[in-house]
Amino acid sequence: MNITFPRMGNSYNAFAHFINRLGHKAVVPPPLSDRTLSLGVKHAPEFACIPFKIILGSYLEAIEQGADIIITSGGSGPCRAGFYGILHERILRSLGYDIEVVVFDSIYQRPKDFFAKANRFRRAAGVSWPRFFYLIWEAWEMVKALDELERLSLDVRPREKSVGATTRALDQAYEIMAQAETNVDIQAARDKGLALLRGVPLQNKEYLLKIGIVGEIYVLIEPFANLNIQEMLGNLGVFCDRAIYLSGWTKENTVADHDAALRRTASPYVNQMIGGHGLENVAYAIRYQQQGFDGVVHLAPFACIPEIVVKSVFPRVTHELDFPVLDVFLDELTGKAGLQTRLEAFVDMLAFKRGKYQLGGVYT
Amino acid sequence: MSQIALAANLAADAGHQPVAEPVFLGIDVGSVSTNLVLINGAGKVLHTQYLRTYGRPVEVVQKGLTALTGVLDDQVVAGVGTTGSARHITGHMVRADVIKNEITAHAVAVAELAPDARTIIEIGGQDSKLIILRNGVVTDFAMNTVCAAGTGSFLDQQAFRLGVPIEEFGGLALRAKNRVRIAGRCAVFAESDMVHKQQLGHSLEDIVAGLCDALVRNYINNIAKGKEILGPVVFQGGVAANTGIRRAFEEALQLEVIVPPHFDVMGAYGAALLARVITGEGRRKTRFKGLQIVKSEFKSTSQECKGCPNLCEIVNFSEDGRVIARWGDRCGKWQAITG
C-alpha cells in the first residue's frame, strides 16, 4: 500500500515513520505551496473553507507521487470537517483517480469501526497486534518530540541574534528526526535537536511580549495556512504560545479534568458546544489572560462557523478582562503584507500597554 | 519651539552663517496614493504632496523627492520615516530612520493633532481601518479582512462608471432627495444593485447617496462590529474628502465626525513625527541617504532559492547595480548578503 495522509505542521514525520515501520510505503505530501493551493481551489467547492482546499490540493500532489490510499481523521459536532474525508474521496474519484479515503473517527466514539479499519492495515502489513500498538506508541513518542522541538523554537526565536538562525536550527532538527528509526533514535534525535536550538546565539532581552495563538486546528498548526505566523511574531521579538498541539501538550500538562475545566473557564461567555474547537478557544484565550500573556491572536478560516461565533464573543472578553484579541481570517491570500501590518500594529499596541514602548522604535 | 529650532535661530541671530533648519520627512506609500509630508522641529506641516502610486512605488517616491528639492531652501532633512504598504521597500530605498505600520502612524498623527480623539476612521485606497484611542493610546483596532468593498478604489471605479468626477461625488450625494437603498455587503453586489436602480430611473443623486449609506453600513457591520465607538470621531484617509460618506457616518453613528486638516496625508504626517522622535529631534544623525537618490536607478529582481524544500521567493533590491537589500528568505541567509 502506498499510503498518504493530510499534511499538518511537523506531524508528517511521525505519520511517515509509522507507516514505513509498519511495512507499508508512506507517500509524504510535498511541502505545501502555491501550486497545492491552486490545485485545491480548482477542484474544491467554492464555499469550502481553506483547510479543505489545501488538503485536497495536497492529496492530488501525493497521488502524483504514487499514493493509492489516504488515511485521515474524522470529526464530530457542528463543523463541516466531519464530512471532509468523504467529500474529498468523491471529488478525487470524479477526477478519475482510483483512490480510497479511510476516515478514522474517534476511538472513544466508534471503537468497533476504528479497530476494524486499523486491522486492515495491520493484516496487510502482516504484523501482530502487540507490534502494531508498539509502533503506534513509538510514533506517538515522535509526535511529542517534534512538538517539544517546535515549542522550544518559539522561545528561542524572539531572542535570536541573527534573523533566521532559529528556523535553520529547527529545520535541521526535523531532518535529524526524519532519519530516526527506533525509539532510541527518536529520543537521541530529540536531544540533538534541542541542543541545536539551545545553541542558537541569543541577545539579552529585558522583557518579551507574550502572545497566545488560538483558533481552528488546521490553520493553527499548519504554517502554510497561517502564513507562518509563529515565525512572523518571533521575528517581531514576541514569544508566542500555541493553544493546540497534536501531542496535546496542553492536555497532558494541565489538570486531569481538562475538558470540564475548559468548559468552566469558557462558561461566562460560551456555555455550549459550538463546534470545532470554538468553546475551547474561548477558554484558552481566558487562560492566556490568567497566565499574564499580553494578548491573543485568533486564527480562523474565512467563513468558519464555529470561529465566527468565537469572534463575536471576543469583544466581551476584551472588554471585561482588558485583554486584547486580534482576529485573523485566513483564505486564499498568500501575500503576507496585510498580516504583517496588523501584527506590527498589534505588537505596538501591546508594548505600549505594557509600558515597554519607545515611540518610533520597536519595543525594548 | 523645539530646542533645535531655538538653537538654530539663536545662532542666526548671533550673526553666524545661518544654520540649516532641521526638517523631518514622512513618506506614506499606499496602494493608491503616495504622500509626502515635511514638518519642522515644532511639528508644523511645511509641505505636503499627494501623488498617485500607479503600482510603481519606487518611481513615485523618486518623483516626490524630486519635487521636494524645489521646496527645501536652507532646511536639511534630519530624519525620515516611512509607512504604508510599501514602507519596507521605501525604507530600504531612502534608508529611513523609522519604518512603521500605518495603524501606529495614523494614531501618532491624531494624538498630535487631536489629542482628545477617541475614534479614528481611516479609509484609504484598499484598506479601511478603525482605531480606538483612549487617552491618546491605541487600545483596539480593526482592518478590513478579505474584502475591499467601500474603500477608495471602489468609489473611484463607480465615479468613473457614472461619469462623475470623484471630487464631485460627495456633493452629489448631499443633494439627494430620496436616497435609494443599495446592497453594501460586497462591491460586486453593490455595483449590480446600482445598475438595476439606475435602469429603474432613480436619479443619480439618490443612487450616489444610497451608495454612501451602503458603504458606511458595511464598514459599521464589518470593521466596527463589537467595538465601542465614542466621540470625538476623526475621519481621515482619501475617502474623508467625500462629504457624502462623512454625512452617512454622522447619521449612522449619531456623532459629529471631524475631518482634520491634512486628512489625506495623515499617515505620512505620523511617519514624519516618528522620524522626529527617533532622531531626537535631529540630535542623532539621520540614516537618510539624501535627495540625490532621485538620480539612482533602483531595480528589484526575484529568484527562487533552491537551498531547501521551503523554496523561498527571494527579492533582490539594487541601487545602481549594487544590491542594497534582500528579503523573502525564511532562514535569513540571503538577507545577510548585500553589496
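Values in this text are rule-based calculations from the coordinates and carry no lab data. Everything numeric in this text was worked out from a predicted model, so none of it was measured. Cβ coordinates were reconstructed from backbone atoms using ideal geometry, including for glycine residues, and neighbour counts include every protein chain displayed.
The figures follow:
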{"item": "Hits among lysines - C-alpha to C-alpha of residue A:25 under 24 Å, sequence gap 8 or more where chains match", "result": "A:117, A:144"}
{"item": "Candidates A:241, A:113, A:257: whichever shows maximal mean-square fluctuation once chain A is modelled as a Gaussian network with Cα springs under 10 Å", "result": "A:257"}
{"item": "Rounded if a/c under 1.5, otherwise prolate or oblate - segment A:121-265, Cα gyration tensor axes", "result": "oblate"}
{"item": "Dipole magnitude of chain B, debye to nearest 20 (Cβ charges: Lys/Arg +1, Asp/Glu -1, about Cα centre)", "result": "760"}
{"item": "Loop-located trypsin sites (Lys or Arg not before Pro) in segment A:196-238 whose Cβ has at most 16 other Cβ within 10 Å (DSSP)", "result": "A:205"}
{"item": "Value of relative contact order over segment A:105-246, rounded to a whole percent, pairs C-alpha under 8 Å and six or more apart", "result": "25"}
{"item": "Computed over segment A:1-42: relative contact order in percent, which uses C-alpha pairs under 8 Å that are six or more apart", "result": "44"}
{"item": "Volume per residue that the Cα convex hull of the protein assembly as shown spans, once the total is divided by residue count, Å³", "result": "180"}
{"item": "From the C-alpha gyration tensor of segment A:68-200, square roots of 5λ in Å", "result": "35, 21, 15"}
{"item": "Within chain B, longest stretch clear of exposed GluC sites (Glu not before Pro) (DSSP loop, no more than 12 other Cβ within 10 Å)", "result": "B:1-255"}
{"item": "Local net charge near residue B:287, Cβ-Cβ under 10 Å (Lys/Arg +1, Asp/Glu -1)", "result": "+3"}
{"item": "Prolate/oblate/rounded call for segment B:23-122, Cα gyration tensor, a/c under 1.5 rounded", "result": "oblate"}
{"item": "Interchain or long-range residues, amide H under 5 Å from residue B:76's placed H", "result": "B:21, B:23"}
{"item": "Most fluctuating residue given options A:119, A:204, A:281, as computed from a GNM of chain A linking Cα atoms under 10 Å", "result": "A:204"}
{"item": "Rg in Å to one decimal, and Dmax rounded to a whole Å, for segment B:297-339 via C-alpha atoms", "result": "10.3, 34"}
{"item": "Summed residue charge, Cβ within 9 Å of residue A:242's Cβ, Lys/Arg positive, Asp/Glu negative", "result": "-1"}
{"item": "Under 5 Å, built H, 5+ apart or other chain: amide partners of residue B:235", "result": "B:121, B:258, B:259"}
{"item": "Average Cα contact separation per residue, chain A, under 8 Å, 6 or more apart, as relative contact order %", "result": "15"}
{"item": "For segment A:200-334: Kirkwood Rh in Å [reciprocal of mean 1/r, alpha carbons]", "result": "15.4"}
{"item": "Globularity ratio of segment A:2-127, using Cα Rg and 2.2 N^0.38 Å", "result": "1.03"}
{"item": "DSSP loop GluC sites (Glu not before Pro) with at most 12 other Cβ within 10 Å excluded, longest remaining stretch of chain A", "result": "A:207-364"}
{"item": "Test item: A:342-354 mean partner chain Cβ contacts at 10 Å", "result": "5"}
{"item": "Computed helical MRE - 222 nm, chain B, DSSP H runs ≥ 4 contributing -39500 (n - 2.57), nearest 500", "result": "-11000 deg cm²/dmol"}
{"item": "Where only C-alpha atoms are counted, convex hull volume of segment A:17-58 per residue in Å³", "result": "79"}
{"item": "Segment B:116-259: translational diffusion in µm²/s, Stokes-Einstein, Kirkwood Rh over Cα pairs, 10 °C, 1.306 mPa s", "result": "105"}
{"item": "Cβ-placed point charges (K, R +1; D, E -1), dipole of chain A about Cα centre in debye, nearest 20", "result": "340"}
{"item": "Normalised per residue, the volume of the convex hull around the Cα set of chain B (Å³)", "result": "166"}
{"item": "Debye log10 I(q)/I(0) at q = 0.17, 0.20 Å⁻¹ for segment A:128-206, Cα point scatterers", "result": "-0.64, -0.80"}
{"item": "Within a Gaussian network of chain B (alpha carbon springs, distance under 10 Å), most fluctuating of B:128, B:85, B:192", "result": "B:192"}
{"item": "Entries of A:210/B:333; B:295/B:333; B:129/B:227 with Cα pairs more than 21 Å apart", "result": "A:210/B:333; B:295/B:333"}
{"item": "Sum of side-chain charges, residue A:41 neighbourhood, beta-carbon under 14 Å (Lys, Arg +1; Asp, Glu -1)", "result": "-2"}
{"item": "Relative counts (whole %) of C-alpha pair distances in chain A, using bins that are 20 Å wide", "result": "27, 60, 13, 0"}
